[in-house]
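First up is the structure itself, then whatever we jot down about it.
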Amino acid sequence: LGLLYQEYRDKSTRQEIETRRLQDSQTEPEESSPSEETTPSEAEPASTTESKAPPQISLLRNSNSRFNLWQDLPEIRSSGVLSILQPDEIKLQEAMFELVTSEASYYKSLNLLVSHFMENERLKKILHQSEAHILFSNVLDVMAVSERFLLDLEQRVEENIVISDVCDIVYQHTVNHFSVYITYVSNQTYQERAYKQLLQDKPAFREVISQLELDPKCKGLSFSSFLILPFQRITRLKLLVQNILKKVEEKSDRENTALDAHKELETVVKACNEGVRKMSRTEQMISIQKKLEFKIKSVPIISHSRWLLKQGELQQMNGPKTSRTLRTKKLFREIYLFLFNDLLVICRQIPGDKYQVFDSAPRGLLRVEELEDQGQSLANVFILRLLENADDREASYMLKASSQSEMKRWMISLAPNRRTKFVSFTSRLVDCPQIQCVHPYVAQQPDELSLELADVLNILDKTDDGWIFGERLHDQERGWFPSSMGEEILNPKIRAQNLKECFRVHKSDDSQRRKLGSRNRQ
């Protein structure tokens with residue numbers, strides 16, 4: 001493979017986007033594969049095959065591609081197998097083949113990170129041993145695991161021209177070896193901070209990194225794009241297994257193997273995400289604790305099971321007692337909210353970047369209610385009810401947000417079980433608005449959702465000022481993001497197929513939940 005993994009991954013996701021665009025524009029999408037995901041290899045121009053061979057799977061033609069289709073390999077074309085296999089089986093072969101070729105591309109990029117950057121003699125002299133350890137973490141372990149994984153995959157491909165399965169290999173390696181990814185990804189917060197600090201404090205480091213990045217081997221890619229490879233790969237690997245799972249025959253051994261592999265990969269990905277969050281959350285909670293001064297009975301903020309969901313300023317409407325002096329007093333005054341996963345703290349900002357806490361309540365005892373439009377002064381106003389506040393009494397606050405999206409974001413965060421405009425796909429709704437991501441987005445606030453290219457999401461709510469509250473199909477993560485990051489999927493058949501595939505991928509999770517629910521009821 002001539003491509004580094006960053007290039008491979010970018011081509012793959014962009015082709016998925018283009019394929020969905022083409023399918024979405026069709027009034028009568030083909031029933032056989034209405035949400036077919038393309039692989040990078042599918043961008044290769046159609047090669048000359050026997051007239052009885054099935055048509056090319058590709059919906060795109062990109063003459064600049066450097067990938068090969070499984071069906072374009074000389075061994076496959078000369079074997080005559082293409083005239084025997086059903087089109088669905090060929091699509092499955094392509095999906096398994098992509099998992100193998102993408103691992104080869106990923107290993108190549110990892111190898112470059114180690115040989116070109118980590119083992120550079122000038123860089124070794126500049127970095128202290130502890131700095132190098134934080135920067136590169138256990139990347140050697142990750143590369144060794146990738147090499148072993150790739151060797152097993154290649155051996156399977158060489159066993160027979162028709163690939164029997166790859167998900168059994170994925171399962172074995174995930175269970176026995178992929179824990180190295182959790183170690184690497186959990187270090188990400190410290191890695192990013194160390195990199196920024198080194199760029200700032202050590203001009204020699206900055207100079208060497210810039211020179212190394214200019215080397216043609218790197219193909220214009222940054223050092224940081226190499227550092228983030230393991231996290232991107234473990235997430236992508238889960239999606240590649242999902243793609244295989246959508247194509248295997250139902251109730252078959254290959255489906256069971258794919259479900260097992262997917263479940264184990266999902267466990268690793270979740271552990272990676274939790275590792276990153278745990279590092280940043282602990283520091284954030286310590287920082288918040290230092291800023292709070294309690295006017296009421298003090299509440300311990302720092303807890304291993306607590307994290308911040310949202311913080312920010314809102315306007316509180318003054319109560320009836322001040323109505324006589326409205327001419328001299330503002331109708332609204334500023335308050336500041338810290339909302340944690342289990343607790344709400346209501347404050348007023350005081351000098352010295354401090355916050356004075358005057359009320360609090362468990363998050364489970366919060367209720368919200370949107371006010372009907374009462375004119376400009378009461379636009380974006382909602383009622384927040386504390387069923388039991390710090391004084392063990394019920395309390396109500398009339399709060400004004402700066403915009404409609406900010407109001408909705410606060411209301412959903414404060415009362416997450418409140419019904420949204422569009423129901424989640426998990427309710428098994430036949431149809432639901434959907435959007436696919438066409439621009440990557442990095443979350444700026446805790447209630448936002450970072451998006452990768454080609455992510456497909458159900459739209460749960462949207463605002464008039466350009467924000468969407470969505471639920472990503474492949475992992476059910478929820479959050480807000482700008483509507484400009486995606487394109488709505490308009491074809492109802494494509495939306496239905498996306499949901500069907502999603503239910504299939506997660507059906508083992510569903511059965512597990514049903515068993516759990518049954519046990520709980522008993």
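What FRET efficiency, computed as 1/(1 + (r/R0)^6) with R0 = 30 Å and r the Cβ-Cβ distance, is obtained for residue 306 and residue 138, rounded to the nearest 0.05?
Details: r = 29 Å, r/R0 = 0.97.
After rounding to 0.05, the efficiency reads 0.55.
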Q.
Students often get this wrong: which residues of the range 147-180 have the backbone nitrogen under 12 Å from the point 7 angstrom along Cα-to-C-beta of residue 278?
A. none
(Q) If DNA, RNA and ligands are ignored and the probe is 1.4 Å, what is the ranking of 13, 235 by accessible area, most exposed first? (A) 235, 13
Q | Potential lengthening between residue 199 and residue 500 on full extension [0.36 nm per residue; Cα-Cα distance subtracted] | A | 103.6 nm
**Q.** Exposure of residue 353 as accessible area (Å², to 10), given a probe of 1.4 Å and all protein chains
**A.** 80
(Q) How large is the accessible surface of residue 500 in square angstrom, using a 1.4 angstrom probe and rounding to the nearest 10? (A) 120
Q) Ignoring ligands, DNA and RNA, how do 467, 307, 410 rank by accessible area with a 1.4 Å probe, largest first? A) 307, 467, 410
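Grab the beta carbon distance between residue 287 and residue 250, set R0 = 45 Å, and tell me the FRET efficiency rounded to 0.05.
On the way: r = 50 Å, r/R0 = 1.12.
Working from the Cβ atoms, E equals 0.35.
Estimate the FRET efficiency between residue 183 and residue 224 by the formula 1/(1 + (r/R0)^6), using the beta-carbon distance for r and 25 Å for R0, to the nearest 0.05.
Working: r = 19 Å, r/R0 = 0.77.
E between residue 183 and residue 224, to the nearest 0.05, is 0.85.
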Q | Paramagnetic reach from residue 190 in the range 113-142 [backbone N under 17 Å; point 7 Å along Cα→Cβ] | A | 128-142
Q | Distance between modelled label sites at residue 161 and residue 342, nm, 7 Å Cα→Cβ extension | A | 6.1
Q: Report the GluC sites (Glu not before Pro) located in the range 239-280 that are in a DSSP loop and have at most 11 other Cβ atoms inside 10 Å of their Cβ, or state none.
A: 249, 250
Q | Distance (nanometres) between label positions extended 7 Å along Cα→Cβ at residue 148 and residue 267 | A | 1.7
Q) Applying the Karplus parametrisation 6.51 cos²θ - 1.76 cosθ + 1.60 with θ = phi - 60° to the phi angles of the range 303-318, what ³J(HN,Hα) value in whole Hz is obtained for each residue in order, glycine and proline being reported as x? A) 8, 5, 9, 10, 8, 7, 9, 6, 9, x, 9, 10, 9, 9, 6, 5
Q.
What figure, in Å² to the nearest 10, do you get for the accessible area of residue 257 with a 1.4 Å probe and non-protein molecules left out?
A. 30
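Rank these residues by their accessible area, most exposed first, probe 1.4 Å: 503, 149.
On the way: 503 55, 149 0 Å².
Putting 503, 149 in descending order of accessible area: 503, 149.
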Q. What is the local net charge at residue 249, summed over the other residues whose Cβ is closer than 13 Å to its Cβ (Lys, Arg +1; Asp, Glu -1)?
A. 0
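The values are calculated or read from the model by the stated rules, or taken from the named source; none is laboratory data. Worth saying up front: this structure is predicted, and the values here are computed from it rather than measured. Positions of Cβ are generated from backbone atoms using ideal geometry, with glycine treated the same way; all protein chains shown enter the neighbour counts. Side chains included, ligands, DNA and RNA excluded: accessible areas come from the protein's heavy atoms. Shrake-Rupley method; radii C 1.70, N 1.55, O 1.52, S 1.80 Å.
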